[in-house]
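Colleague: Encoded as structure tokens, here's the structure I'll be asking about.
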Amino acid sequence: VDTPGFGDAVDNTDCWQPIINYVEKQFEDYLEGETRIERVEVPDTRVHACLYFIAPTGHGLKPLDIQFMKRIHEKVNIIPVIGKADACTHREVDLFKSKILVQLEMNEIRIYDFPERELGAENNWMRSLLPFAVVGSNTTLTDDNGTKYRGREYPWGTVNIEDQGHCDFSPLRHLLLATHMQDLKEVTHATHYENFRRQKLNMMGEQKAEESSESDLSAVEEDGLKSFGFEWEQTFGKLTNEKLQQLQKFAKNKEGDHVHALSTSTDLNTIGLRRNSYMKGKMLWNKTNSVSLLELRQKLMGQT
């Protein structure tokens, strides 16, 4: 996986995040494949080594280099490499390597140190070349003996990247591909992947615990609301029943008053009708007998 343009922006804030996301994504895919119910062979796309190229400034690591390696050294095996080493003399390269190692130790950055158990005694010297100083090739050349090699050609000469006197490309290739490939995979699986797996499972467990606690709390709150609603319903129902009884009593009283008033009005109407009938009968008597009832009463009292 190549990362062209890394650190070239004016603002490099969080420029390492896409790389970290990619490494973690490979871990997540591998973990998902391992935890399936029907387990199948999971393709291993995890990143087993990170060749971190350092600019040949001769002044040590830049702040960006330190910040990036601090964030990724627990996720992948870091192998620091000095690029374009032909820009420096051999003495400058040696001093630069010493500065880099000191800065890595001061900032507590762990790098892959190529364990001795994977090397024979004759190749143990290769470990001392860390960080490796390499030169990229841009052409294929042929030496005086007719042997082809990859190198870099300049107007003043050529660089043979496979020549130990020119750069550390050959020892780096030997360590990566010939002796320590399996160890890199084992360290990735036993250390970096296990750390990621443990953190991921712990996070999942904490999320489940939070969800269960929230569900328990919701159940308690729901029970509380139900009990409160039941008590409120009883209280409100009691008040409603009392109010309803009062309204019914008031309505009955009103109905009684209305009936009484109605009966009184009916009696008055009856009395009025009887009075009118009496007056009409009195007037008819006076006309017929040419004497009023009052005069007749006086005559009867005089005779008596």
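Colleague: Assess whether GLU108 counts as being out of contact with any Pro (no Cβ under 9 Å at 6 or more places or on another chain) and under 21 Å from LEU177 (Cα atoms).
Modeller: The answer is no for GLU108.
Colleague: Looking at the range 67-85, can you tell me whether even one residue there is surrounded by fewer than 20 Cβ atoms within 10 Å (Cβ to Cβ), among the acidic types (Asp, Glu) and part of a helix (DSSP H, G or I)?
Modeller: no
Colleague: Working only within the range 42-63, note down all residues that are open to solvent by less than 30 Å² (accessible area, probe 1.4 Å) and not in a loop (DSSP other than H, G, I, E, B).
Modeller: Scanning the range 42-63 gives CYS50, TYR52, ILE54.
Colleague: Filter the range 119-133 for residues that are of a type outside the set (A, V, I, L, M, F, W, C) and open to solvent by 70 Å² or more (accessible area, probe 1.4 Å) and give the result.
Modeller: Passing the criteria: GLU122, SER128.
Colleague: I'd like the full set of residues that are within 13 Å of TYR193 (Cα to Cα) and open to solvent by 90 Å² or more (accessible area, probe 1.4 Å), limited to the range 1-41.
Modeller: LYS25, GLU32
Colleague: Collect the residues in the range 150-195 that are among the hydrophobic types (A, V, I, L, M, F, W, C), surrounded by fewer than 19 Cβ atoms within 10 Å (Cβ to Cβ) and part of a loop (DSSP other than H, G, I, E, B), keeping them in residue-number order.
Modeller: Within the range 150-195, TRP156 is the sole residue that qualifies.
Colleague: Name every residue in the range 1-22 that is hydrophobic (A, V, I, L, M, F, W, C) and not in a loop (DSSP other than H, G, I, E, B), in order of residue number.
Modeller: Scanning the range 1-22 gives ILE19, ILE20.
Colleague: Based on what the data block shows, is ARG36 in a loop (DSSP other than H, G, I, E, B) and either without any contact (Cβ under 8 Å) to a residue 12 or more places away in the chain or over 30 Å from ASN138 (Cα atoms) (or both)?
Modeller: When the stated conditions are applied, ARG36 passes them.
The values are calculated or read from the model by the stated rules, or taken from the named source; none is laboratory data. These numbers come from a predicted model, not from an experiment. Counting neighbours? That spans all protein chains shown, and the Cβs are built from the backbone with ideal geometry, glycine included. What goes into the accessible areas is simple: the full protein's heavy atoms, side chains included, and nothing from ligands, DNA or RNA. Shrake-Rupley method; radii C 1.70, N 1.55, O 1.52, S 1.80 Å.
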